[in-house]
Amino acid sequence: MKYGKWIGGIMGFMAMGPLGALAGFAIGSLFDKASDAQSVQDGGYSPEDVYMGQRNSFLFSMLVMSSYIIRADGRIMHSEMEYVRQFLRANFGESAVEEGQRILLNLFEQRKQMERTDPMAFRNTIRDCGAQIAMNLTYEQRLQLLDFLVRIAQSDGNVCAQEVDALREVASYMQLNMQDVDSLLNMGGDSLDEAYKVLEVSSSATDEEVRAAYRKLVLKHHPDKVAALGEDIRKAAEEKMQAINEAKERIFKARNMK
């Protein structure tokens, strides 16, 4: 994966919006490879370029929002950075690890510089980024992005109040529901209470309401809805679907439902 091509693939998504401003440090690398320059000279992108642009837009969006979640408690935890590195390595290849980390470190530095003059500056930029993401990614793709952010927060074994607040904040910026945050935060739990939160229903719901909630969740989180982003992202969605099914089975067993 070439650095210039990687950043170049998301330029159409970023345009002149806040993501473009945050990625400003990388713009000089846009045409650092002859292949990139030739692509522009030819006057367009191939279907593969469009596909890579979608994937890279999703990836860069994750990195931007990850920088906000990682610093939510005022610290940069090794476990959280390592989770990002492992995710990049598994889903985007070894070369993405160094490049992704470079982007994150630059985002951390930009946040520091922006907040010296205005404590709300970076937060406002994240808000604008969320709005831009909402315009360019489907609801299901944004849910998958939020799932990644939740997993970062959980990577050190404890999700603090500041991280929960930041996740809710980012979700609202990306025009997602607060129930989406609660559902994702409770996936993987082994209690009945957590299972109900995953399905986004209360324990007083009727059996038919539970079934309806499960069907709705399956449609919302179905792996096919994010297949356009690549097989690796689809597999991550499959893991999420497995957690949903486990929560459903726990509730069905407790209620003697079939």
Considering the stretch 65-100 alone, what residues qualify as being among the acidic types (Asp, Glu) and in contact with an Asp or Glu (Cβ under 9 Å, 6 or more places away or on another chain)? Asp73, Glu80
Taking the options Val64, Val84, Val97, name whichever one is modelled with pLDDT of 90 or more, under 17 Å from the mean Cα position of the chain (by Cα), on the phi < 0 side of the Ramachandran plot and surrounded by 15 or more Cβ atoms within 10 Å (Cβ to Cβ). Val84
Positions within the stretch 210-234 being more than 17 Å from Phe87 (Cα to Cα) and of a type in the set (Lys, Arg), in sequence order: Arg211, Arg215, Lys216, Lys220, Lys225
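A quick yes/no check of all residues on (1) under 15 Å from the mean Cα position of the chain (by Cα); (2) open to solvent by 40 Å² or more (accessible area, probe 1.4 Å); (3) of a type in the set (Gly, Ala, Ser):
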| position | (1), (2), (3) |
| --- | --- |
| Met174 | yes, no, no |
| Gly189 | no, no, yes |
| Val198 | no, no, no |
| Val201 | no, no, no |
| Arg211 | no, yes, no |
| Tyr214 | no, yes, no |
| Lys235 | yes, yes, no |
| Met241 | no, no, no |
| Ile251 | no, no, no |
Matching residues in the stretch 149-167 - criterion: being acidic (Asp, Glu) and at pLDDT 95 or above: Glu163, Asp165
Among (1) open to solvent by 70 Å² or more (accessible area, probe 1.4 Å); (2) among the charged types (D, E, K, R); (3) closer than 27 Å to Arg127 by Cα, which single condition is Asp180 missing? (1)
Cross-chain or 6+ apart pairs with Cβ under 7 Å, the stretch 82-103 first and without any contact (Cβ under 8 Å) to a residue 12 or more places away in the chain, then open to solvent by less than 30 Å² (accessible area, probe 1.4 Å) and in a helix (DSSP H, G or I): Arg89/Val97
If you scan the stretch 216-233, which residues turn out to be open to solvent by less than 30 Å² (accessible area, probe 1.4 Å) and more than 17 Å from Asp180 (Cα to Cα)? Leu229, Gly230, Ile233
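The values are calculated or read from the model by the stated rules, or taken from the named source; none is laboratory data. As the structure is a computational prediction, the values presented were derived from the model and not from experiment. Here Cβ is always computed from backbone atoms with ideal geometry, including for glycine, and neighbour counts include all displayed protein chains. When the accessible area is computed, the model is the full protein with side chains, heavy atoms only, and any ligands, DNA or RNA have been set aside. Shrake-Rupley method; radii C 1.70, N 1.55, O 1.52, S 1.80 Å.
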